[in-house]
Structure formats: structure tokens, C-alpha cells
Amino acid sequence: MSSELLSKLLDLLGPNGLVTEASDLEGYSIDWRHLFPGKPLAVVRPANTAEVAGVVKLCRAYGTAVVPQGGNTGMAGGAVPDASGTQVVLSLSRMTALREVDPVGMTLEAEAGCVLKTAQDAAAAVGRLLPISLAAEGSATVGGVIATNAGGVNVLRYGMVRALVLGLEVVLPDGSIADGLRRLRKDNAGYDWKQLFIGSEGTLGIVTAAVLRLLPQPKSSVTALMSVPDPKAALDLLACAQDELGDTISAFELMAGSSLKLVEKHFGLRRPIADGDWFVLIEAASSLSGLREAAEAALGNALEQGFALDGTVAESGRQAADLWQLRERITESEAKEGKSVKHDVSVPIPLIPQFLVEAGIALERDAPGTRVNCFGHLGDGNLHYNVLIDGHASDEINRIVHDVVDRFGGSISAEHGIGQYRVAELEKRRSAPELAIARRIKTALDPEDLLNPGKVLSRAERA
Ligand code: FAD
Ligand code: 2HG
Ligand code: ZN
């Protein structure tokens with residue numbers, strides 16, 4: 001059966017579109033964190049939407065599951081197959097065309113496999129901004145950031161990816177093509193179905209192309225690194241910055257002093273200000289002049305009021321990039337440090353200081369010897385509360401942290417999604433009616449459970 005399917009896939013895609021050699025399959029088989037090794041039957045690399053649809057139809061006819069994969073930078077094991085050797089990985093790596101950048105209509109149309117950085121650069125080349133920004137932007141794809149509804153460091157000002165998607169083309173689990181590649185700012189004609197696919201992690205359809213919304217490219221920006229006495233002071237600093245700089249603030253990132261120590265240890269990058277327990281990286285950007293003076297006054301004010309202890313404002317683009325390196329290298333430093341359990345949580349913003357206190361107490365009590373690597377998007381209420389483990393079971397650490405998240409009315413996944421990493425936790429913690437909605441949607445679109453099965457929802461639960 002499977003050799004018959006492979007031969008039909010070869011007929012459809014040609015030799016460039018089908019990968020079956022074990023050594024060539026390796027890169028597609030395991031996730032970025034090396035937590036979920038899988039074994040694909042094959043990897044297909046269609047060259048266009050019609051071929052994607054053809055693959056889906058063929059695989060369906062043979063009862064074969066399809067796992068969409070973009071840049072494979074996801075943090076939840078969503079883009080890799082299981083270990084059965086029966087699933088086909090559908091890589092978007094040949095569908096990279098950047099079809100159009102429109103500086104007047106402020107839109108960009110790209111195929112799903114287009115790398116995010118390529119799309120950002122194309123927008124910048126015509127004086128426009130694609131404000132989706134994450135450390136993985138050199139590998140993550142347009143389709144991947146849509147499928148995960150990615151966040152990143154600019155959500156505070158521009159929203160998550162969902163807020164930037166105007167149009168979508170999707171291949172559905174039955175192989176039909178839903179063409180919604182409209183570039184409209186306003187479109188209330190019927191259900192806004194594209195929203196279902198944004199953040200659905202490849203379980204409802206395969207994104208093949210998208211129209212994204214662009215913004216004016218700011219003419220000036222200010223980047224500052226501040227040390228703060230504690231997370232409460234960081235929130236005071238946020239309020240102060242919002243009062244004085246308004247919506248020019250595009251990033252407000254919290255970093256524990258211990259996170260920066262990891263970056264220094266593994267990458268030799270030193271923070272340019274005195275040591276401290278907590279740091280905040282702030283970026284403000286504007287098309288108008290006078291931003292730097294306003295930002296320096298606001299930060300001076302924060303220092304006077306004691307919200308901040310020390311700080312530096314980048315004097316050049318180079319210095320700003322160096323400050324960003326301190327933030328962006330944290331994930332890789334954590335990976336080099338050893339085994340960790342990631343928690344990509346959100347709680348209501350004012351409750352963050354108390355959440356940190358209670359999560360710390362719970363870990364000390366129930367998992368002594370663990371170390372916390374805490375950093376993230378404070379301005380969005382989203383922290384990466386990662387725990388470096390020392391012989392502890394990952395499930396146990398999840399339970400401890402997520403119990404605290406639940407007590408604070410938070411979410412166990414603010415941006416990375418569920419993938420296969422958090423399925424059990426989601427099903428344990430979301431209410432039955434909420435899970436039932438998800439299952440009904442999945443069953444309506446993919447009754448045979450052939451598109452990325454076992455991701456977001458467990459297979460057993462759906463049966
Ligand atoms: P993949 O990893 O290939 O796939 C992710 C999921 O989307 C899978 O479930 C896959 O099946 C599905 N998928 C991929 N392409 C398609 C498609 N065309 N159609 C349908 N489904 C598809 N994430 C954030 O949100 N914010 C961050 O700040 C952030 N920083 C990161 C920093 C680093 C260093 C790394 C390694 C990762 C980071 N991530 C972050 C996670 C990751 O980059 C994002 O989830 C990103 O959106 C994944 O894009 P990708 O193309 O790599 O998708
Ligand atoms: C970030 O904000 C990413 O840098 C990755 O979402 C977070 O490593 C992590 O846990
Ligand atoms: Zn993040």
C-alpha cells in the first residue's frame with residue numbers, strides 16, 4: 001500500500017518533490033528542541049498549491065496522515081510526525097515566492113514557505129514594516145507563523161499574527177482549495193473562516209499563501225536596557241513609559257538577571273549596565289521626530305521614581321542590535337545549559353509579580369533543586385517561565401507551574417501553541433464545553449483525522 005502511494009506521489013511531484021532516503025529525512029523528523037523524534041514514511045515538497053491539494057487527496061485515499069512543516073522552529077513538536085513510519089511530512093520549503101508588496105495598499109502576499117525575514121526585508125525595501133518579529137525569523141515561515149498565530153516582541157503594539165492576516169489560501173483536509181487571498185481591510189461578507197486556520201497548528205488545513213497587513217516603517221527608534229528592582233517595579237516602569245511615550249512603545253521585554261547570566265556564560269555577551277535581579281528591554285519607534293528626547297525624559301523620570309535602578313539608551317543601530325542580542329540569545333543559552341521544561345504562560349498583567357512569587361514558592365516546595373529561567377513579553381502578560389530541571393519529571397514540573405497559572409486565571413500557552421507537547425495538559429485544564437467546540441470543528445473539517453493527528457487534541461479524545 002505505502003509503496004503504491006509513494007509511487008503515485010512521485011508521479012505527481014517528480015523527484016525533487018519526494019524525499020524517501022533515510023539520511024535525507026533526518027532534518028524533517030525531529031523538532032528544534034530535539035524532544036520529539038519521529039519517523040516519516042516520506043517527505044513531500046510540493047511546488048505549488050495544486051500539488052499540495054494533490055498530495056492531500058492522494059494521502060487521504062490511502063488513509064495516510066499528513067503533517068505540515070514550515071521552518072520547523074516550533075516549540076511544541078507540532079511539525080514533526082509520530083514514530084510509526086506511516087505519516088507523510090508536507091514541507092512548504094519549495095513554496096517560497098514573495099508574490100507582491102504593495103506600499104500603497106500596505107499589503108504583502110507570499111507563499112507559505114517564504115521565510116519571515118525575507119518578507120520583513122521586502123516590506124522594508126519599500127518603506128513598510130511587517131511587524132512580526134521573533135528570534136527564529138531567519139528560519140520560521142509565513143505559513144508557520146500563521147499556523148501558530150505567533151507572537152514575538154512586537155505584540156504589545158501590533159498584536160499577534162492574527163491581527164496582521166488579511167487573506168488566506170488553504171488546502172482543506174479533503175484536498176479542496178479555499179481561496180480567500182483577498183487584500184481587503186474590511187470584509188464582513190459571511191463567516192470570517194480564515195480565523196479558524198490561524199493558530200490551528202496545521203490540524204484543520206494547510207496554509208499555502210497569505211496576504212499580510214503592513215504598516216509604515218518608523219523613521220526613528222529608541223532602544224533601552226534598564227535594570228529594575230523587581231517585577232512590580234517593571235510594571236510601574238511600563239505604566240510610566242505608556243503614559244509618556246504612548247503607543248510608540250513596540251517592545252517591553254522582561255529578563256531575569258539569571259537569564260542574562262546564561263547568555264554571558266554561553267555566548268560571552270555582557271550587559272552594559274550594573275548587575276541586577278531583573279532587567280527590561282524597551283523599544284519605542286515613531287515616524288515623527290522628538291522620540292529620543294521624550295524617551296530619555298521618560299526613562300530619567302523612572303530612575304528618579306525608583307522604578308529603575310540603572311539604564312542605558314543605545315546610541316546607534318549597532319548598539320541597539322547588541323542590546324537585542326542579550327534578549328534573543330536566551331533561548332539558545334537555555335538549550336546549551338541543559339534540560340529544561342518550558343512554560344509559555346500568560347496571566348493578567350497586574351498579577352504577574354504575585355504569580356512569580358507563588359510559582360517560585362511552589363517549585364521550591366515541590367521540586368527543590370530546579371532553577372527558573374524567566375523572561376518574556378511582560379507588556380503582553382506573557383512570560384517564558386522555563387525550568388531547568390535536575391532529574392525531575394517534565395510532567396511534574398508542568399503540573400506545578402500550570403496549577404499556579406490556573407489559580408491566576410491564566411493560559412498554559414500564550415504563543416507557542418499546543419502541538420504534541422501540551423495536549424494532555426490542555427485536555428486536563430480546559431472545560432468540557434470548550435474542548436467539545438474544538439472537537440466539533442476538527443471533526444467537521446477533518447472527519448478521518450488525517451491532518452496532523454494527535455496535535456492540539458489527542459487522537460483518542462476525538463474518536
Ligand atoms: P513549524 O515549526 O514548521 O510548524 C509549527 C506548526 O505549524 C506545526 O504544527 C505545523 O504543522 C504547522 N504549520 C507549519 N506550516 C504550516 C502551513 N503552511 N500550513 C499549516 N500548518 C503549518 N514563537 C513565538 O510565537 N514567539 C517568539 O518570540 C518565538 N521565538 C522563538 C525563538 C526561537 C529561537 C525559536 C527556535 C522559536 C521561537 N518561536 C517563537 C517558535 C516558532 O518560531 C514559531 O512557532 C513559528 O511561528 C514557527 O514557524 P515555522 O515555520 O518554523 O513552523
Ligand atoms: C521568545 O520569546 C520565544 O524568545 C522563545 O518565544 C521562548 O525559549 C523560549 O521559551
Ligand atoms: Zn516568546
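Every read-out reported here was derived from the displayed coordinates using simple, explicitly stated rules and does not represent laboratory data. For clarity, every value in this text was computed on a predicted model and none was experimentally measured. Ideal geometry is used to build each Cβ from the backbone, glycine not excepted, and the neighbour counts take in all protein chains shown.
Some values worked out for this structure:
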| quantity | calculated |
| --- | --- |
| Qualifying position, being over 30 Å from Ala47 (Cα atoms) and surrounded by 23 or more Cβ atoms within 10 Å (Cβ to Cβ), among Leu235, Leu212, Leu225 | Leu225 |
| Flag for Gly190 being away from ligand 1 (no atom under 12 Å from the Cβ) and in a strand (DSSP E or B) | no |
| Filter result (outside any strand (DSSP E or B), farther than 23 Å from Glu293 by Cα and in contact with a strand residue (DSSP E or B) (Cβ under 8 Å, 6 or more places away or on another chain)) within segment 203-257 | Thr203, Leu204, Gly205, Leu214, Pro229, Asp230, Pro231, Gly257 |
| Residues satisfying the stated conditions in segment 440-457, i.e. surrounded by fewer than 17 Cβ atoms within 10 Å (Cβ to Cβ) and either part of a loop (DSSP other than H, G, I, E, B) or touching an Asp or Glu at 6+ places or on another chain (Cβ under 7 Å) (or both) | Pro447, Glu448 |
| Single match in Gly409, Gly417, Gly369 (criterion: touching a residue at least 60 places away in the same chain (Cβ under 8 Å), in contact with an Asp or Glu (Cβ under 9 Å, 6 or more places away or on another chain) and of a type in the set (Gly, Ala, Ser)) | Gly417 |
| Count of segment 274-291 residues which are part of a strand (DSSP E or B) and either over 16 Å from Phe375 (Cβ atoms) or out of contact with any Phe, Trp or Tyr (no Cβ under 6 Å at 6 or more places or on another chain) (or both) | 8 |
| Residue list for segment 105-135, restricted to those being of a type in the set (A, V, I, L, M, F, W, C), part of a helix (DSSP H, G or I) and away from ligand 1 (no atom under 14 Å from the Cβ) | Ala122, Ala123, Ala124, Ala125 |
| Members of segment 138-178 that are among the β-branched types (Val, Ile, Thr) and more than 13 Å from ligand 3 (Cβ to nearest atom) | Thr141, Val142, Ile146, Val165, Val170, Val171, Ile177 |
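For (1) surrounded by 15 or more Cβ atoms within 10 Å (Cβ to Cβ); (2) in a helix (DSSP H, G or I); (3) of a type outside the set (D, E, K, R); (4) in contact (Cβ under 8 Å) with a residue 40 or more places away in the chain, each residue gets a yes or a no:
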{"position": "Ala302", "(1), (2), (3), (4)": "yes, yes, yes, yes"}
{"position": "Phe307", "(1), (2), (3), (4)": "yes, no, yes, yes"}
{"position": "Gly311", "(1), (2), (3), (4)": "yes, no, yes, yes"}
{"position": "Leu323", "(1), (2), (3), (4)": "yes, yes, yes, yes"}
{"position": "Thr331", "(1), (2), (3), (4)": "yes, yes, yes, yes"}
{"position": "Lys336", "(1), (2), (3), (4)": "no, yes, no, yes"}
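Matching residues to (1) farther than 28 Å from Tyr421 by Cβ; (2) within 16 Å of ligand 2 (Cβ to nearest atom); (3) more than 17 Å from the chain's Cα centre (by Cα):
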site	(1), (2), (3)
Leu172	no, no, yes
Asn188	yes, no, yes
Gly202	no, no, no
Ile206	no, no, yes
